[in-house]
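Working notes for the structure below.
The values are calculated or read from the model by the stated rules, or taken from the named source; none is laboratory data. Remember, it's a predicted structure, so these values are computed and weren't measured experimentally. Using ideal geometry, Cβ is built from the backbone for each residue, glycine included, and neighbour counts are taken over all protein chains shown.
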Amino acid sequence: MIEKRHYLKTTKLYGQQLKYLIKSVSYGWIGALAFSSGSWRLKPRDQQIGWDDETRRKNCNRSRGSH
């Protein structure tokens, strides 16, 4: 779907990855998100949402299904 419809076509992600497709009941497919392990520790994001190191590890691990 990304290669067919996204203006960037595709990019390679390195390391562990999370990928999501976003679907609306009213509009169908409306988006996609992809994160690689490099984005799991971003100080400005963590500060903005109030995560300390322990909270970040807990929440990132939960997203990867390893809780």
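A few comments on the model shown:
- Hits in the stretch 23-59 - residues which are among the hydrophobic types (A, V, I, L, M, F, W, C), part of a strand (DSSP E or B) and surrounded by 10 or more Cβ atoms within 10 Å (Cβ to Cβ): TRP29, ILE30, ALA32, ALA34, PHE35
- Cross-chain or 6+ apart pairs with Cβ under 6 Å, the stretch 1-22 first and in contact (Cβ under 8 Å) with a residue 24 or more places away in the chain and at negative phi, then in a loop (DSSP other than H, G, I, E, B) and not basic (Lys, Arg): ILE2/THR10
- Checked against (1) surrounded by 11 or more Cβ atoms within 10 Å (Cβ to Cβ); (2) modelled with pLDDT under 80; (3) in contact with a strand residue (DSSP E or B) (Cβ under 9 Å, 6 or more places away or on another chain), THR11 meets all criteria but (1).
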